[in-house]
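> The structure that follows is given in the form of structure tokens.
The values are calculated or read from the model by the stated rules, or taken from the named source; none is laboratory data. Keep in mind that what you see is a predicted model, and the values were worked out from it rather than measured. Please note that ligands, DNA and RNA were not included when accessible areas were found on the heavy atoms of the full protein model with its side chains. Shrake-Rupley method; radii C 1.70, N 1.55, O 1.52, S 1.80 Å.
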Amino acid sequence: MKEGGLLSIWFFIGVSLLVNGLLIFGSGVYELWHPPAHPVVLYGLHASVWWGALMTIIGGIYCYHHAP
């Protein structure tokens, strides 16, 4: 950890993206295994899987680069 330095706000944004991305990705994978009874119009695109994975990757990059 840096001596006497402040934590960057980007580290906390990275943590937030990482946690939310994991939750969204997990719910998307769950929907793949257990499809809903009445799926939405664009269900076939599996947006929650793609966006969850993207948010997880970006959050991990932010956490790595701005770690204390």
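> Roughly to the nearest percent, how much of the accessible area of the chain is carbon and sulfur, given a 1.4 Å probe?
Values: 3960 of 5380 Å².
That share works out to 74 percent.
> While we're here: Determine the calculated [θ] at 222 nm for the chain from helices alone, applying -39500 (n - 2.57) to every DSSP H run no shorter than 4 residues and normalising by the residue count; nearest 500 deg cm²/dmol. Walk me through the numbers on the way to the answer.
Details: 2 runs with 44 residues, N = 68.
Roughly -22500 deg cm²/dmol at 222 nm, from the helical runs in the chain.
> Per residue, what accessible area does the chain have, given a 1.4 Å probe and all protein chains present, in Å²?
On the way: 5380 Å² over 68 residues.
Per-residue value: 79 Å².
> Starting from the Cα-Cα distance between Ser16 and Leu45, subtract it from 0.36 nm times their residue separation and give me the gain in nm to one decimal. List each step's numbers first, then the result.
On the way: separation 29, 0.36 × 29 = 10.44 nm, distance 2.46 nm.
Answer, rounded to one decimal: 8.0 nm.
> Still on this structure: Considering all alpha-carbon pairs of the chain, what whole percent are spaced by more than 15 angstrom?
On the way: 1309 of 2278 pairs.
In whole percent, the long-distance tail amounts to 57.
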